[in-house]
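These notes are about the structure you will find just below.
Rule-based calculations on the coordinates, nothing more; no lab input. Just so we're clear, the structure is a prediction, and the values are computed from it rather than from any experiment.
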Amino acid sequence: MRDDSPYSWSNPWVRWSIVALATLTVVSFLIGFVLLPSVQRDYRADGLWATICRAAGVPAKWIDDGSLSMEPRQMSTEVILLPSMIETASKDAVGRGATIAVQQCSMCHGAQGVSETNAPNLSGQYPEVVIKQLEDYKRGHRTSSFMQALAGNLSDRDITDIAAYYNSLPKARTAPARYDDESAPPLVRVGDPMRNIAPCIACHGGIDHKLGAPWLEGMPREYLLAQLASLRSGTRHNDSHAQMRNMVRRMSEKEIEQVADFYARREAAREGR
Amino acid sequence: MYLARKLVLAHFWVAFAGFLLAIMLGEWQMYVRSPLHGWVNNPEHYYRSVTAHGTVMAYVLPTLFAMGFGYAISELALKQPLIGLRWAWAGFGLVVAGTVMAAVTVAAGKASVLYTFYPPMIASPFYYIGIVLVVVGSWIWVALMSINLRAWRKQNAGVTVPLAMFGNVTGAYLWAWTSVGAAIEVLLLILPVSLGIKSTIDAGLSRVFFSWTLHAIVYFWLMPAYIAFYTIVPRAIGGRLYSDAMGRVAFVLFLVFSMPIGAHHLFADPQVGAGFKFVHAAMTAMVSVPTLLTVFTIVASLEIAGRLRGGKGIVGWVKALPWNNSMMLAVTFSFVMLGFGGAGGIINMSYQLNETIHNTQWVTGHFHLIFGGAIVIMYFAVAYDIWPQLMRCPPLPQGLVKTQLWLWFVGMMVLSVPWHLVGLLGMPRRMAYYDYSDPALQPQAWTVTASTVGGMVLVVSAILLVFILARARSNAAAPAMFTFSRSAYPGERTPAALNTFGLWVAMMIGLTIVNYGYPIAQLAMLKETSVPAIPIGGP
């Protein structure tokens, strides 16, 4: 029977199904793209076609009367962190980086990247961290009279090679670091969700490492305290999304000391010896 | 059954074994974040567990169940040996291999990205490859269902396809098209990053592709339950199916409407235009139509059963229903949970109402109630009903079966109703712990304890399920012939359109292109929409 073929327009099932679906679709689109946006001032500002484009999500300048122009703000950093920065570097890069590091960095950061002063340890530091900080010093997003002067003379290749060299060294570890046991401070293990403080270990290694967050174990206590204080006051502001500034502002003095003590335990252990 | 007995058993056993492990993880998650336990000291363990629970419950359990049930239907409804038995075993092997690969990767802490992937988080490639193997294994099933139906049609020219097989193949075609979204996302967008070939990912586009899969996958999970509503329940309670054609209409409506509506999962995402979000919301409302048709038809079928048993008057037939029959119990529980879950779902799909509950525990409550409750309880009922065919055993002990179903229903309500409540109060989902010492949260603490208790009941129920199924022993006598429900009007002529798929598959693809074409094309062509990937699992 020709009329009963499921592929023939003369079959009422086919005809009515398609007509009904098309009607439903057209009506939904008219409501979603014309009727509903028409009651919103910003959608209908530039006529019907612009309204439809805006409802479809076409990128456009919506209101261009200058009222929304934003003051150019100081950028916190120009570095875009990419997972490719943590790829294993060649031996050449490590060797070249070692040469530069011994000449220019070892005075403060130690010949093997373990600092005898209150400068941060670099041994085993994640490469993208070293790259980001040197780039930020170079462009003035992080300030230090020594480091800005030194970083200003480094080429992009010098920087990636130095990062590769330090990454090739073993990480400084505190005596058995067990992040998930109760002896670690609560802010390190679990943070404080009601104050929007994420646990340190969610980014800074041990449990998980997020790009750009430095390895902290064994860092000098004074360095950690100084950095937390400057992030809190805003004098240091090269964390791209203000993530550290927002964490530290909500921490008490005592919590800041606890966290610094935890990560700096290497020093405490040595003093006790 | 002819050839597929062991095949179906293998599918069901792996599905239920995975289910038992995953439910333990789920209960552990509830326990560690309840006030009964201190904060979990390593939040990553929590997300690792969530990923494993979700991956098994959302991909492995329903896929294996639908595949196994599909093979069984193909033999039982078409009354012909399964064509492509070796291919079916190969598909099963792929699913199992993929599951093991993904599970090991998750257990090692290299894939705590949750089963919805959430780019720009990037896990180890082994996790994604494992999922791809599961999906490819299921595509073999799709092809075999189509081939078996085609062979049957050749032998039975002019005969109407049995309703069970019609629903089964609808589910297969729905899955084939649905899984394309996630497949594109994984193969083209995520894997190149996970393998280290690229270091940025278009997270917005990835999520749009995932939404293509994310909503329709629910209807793929639901298909076996709906097939059971129409083709097993009326027979099991001694009634007749009120309308065979209504079943077909419901199945094809799912095919057309379940696919192009996923943007309602992206209401809070900026990359899709508001107009498209509204269109998707409107079409999401359309999937309530086949659900309501089904509720009407099945309740009418129950009424036939009640009246056949001597029930009279407006409510007399309800009393006359076989309330001590386990299938009667299962379908009642399923409809109650479908009712609550469906009503909640209407809030989720509304562009405006969704704002109040987006990413709260309400959503967790919703999908546990509707999938874990309404659908999975029918998986149990189907397994109990079909087990004598598979094991050649006598019918399973009704007392234990009913206890198991009661525990599942009570446990699921106690688990998910408090979730809905605190969701309305704003409790976020996907949290490893809550600070109950805070005065703002303290009054909500009891709800998490309640959900933990509900979860405990569910664990007992799951253990009982596996116990009942494992205890079945074959006896010498062949089991009684398996039958599907008979229609109340057996001579009814089925319109050709409701006996074939072409029109509906074409409408499904057409509507997908209309609803997804522009957002996908726009995001794919825009420059600078990629963001740096965030590798998960680094020490």
Between segment B:494-539 and segment B:1-80, the Cα center-to-center distance that results, in Å: 27
Euclidean distance between Cα centres, segment B:461-488 to segment A:92-126, Å: 70
Estimated 222 nm signal from helices in chain B, with DSSP H stretches of n ≥ 4 weighted -39500 (n - 2.57), rounded to 500: -22500 deg cm²/dmol
Eligible lysines near residue B:277 by straight Cα distance, threshold 26 Å, same-chain separation 8 or greater: A:61, B:527
In sequence order, calculated HN-Hα J values of segment B:354-360 (Karplus, 6.51, -1.76, 1.60; Hz; x Gly/Pro): 4, 4, 6, 10, 4, 6, 9
Placed amide H near residue A:209: partners under 5 Å, 5+ positions off or other chain: B:537, B:538
Phi to ³J(HN,Hα) by Karplus 6.51 cos²θ - 1.76 cosθ + 1.60 over segment A:18-23, Hz, x for Gly, Pro: 5, 4, 5, 5, 5, 4
Interchain or long-range residues, amide H under 5 Å from residue B:121's placed H: B:534
Calculated from backbone phi, Karplus (6.51, -1.76, 1.60) coupling profile of segment B:154-165 in Hz, x at Gly/Pro: 4, 6, 10, 4, x, 8, 6, 5, x, 4, 4, 6
Long-range HN-HN contacts of residue B:200 with modeled amide H, under 5 Å: B:533
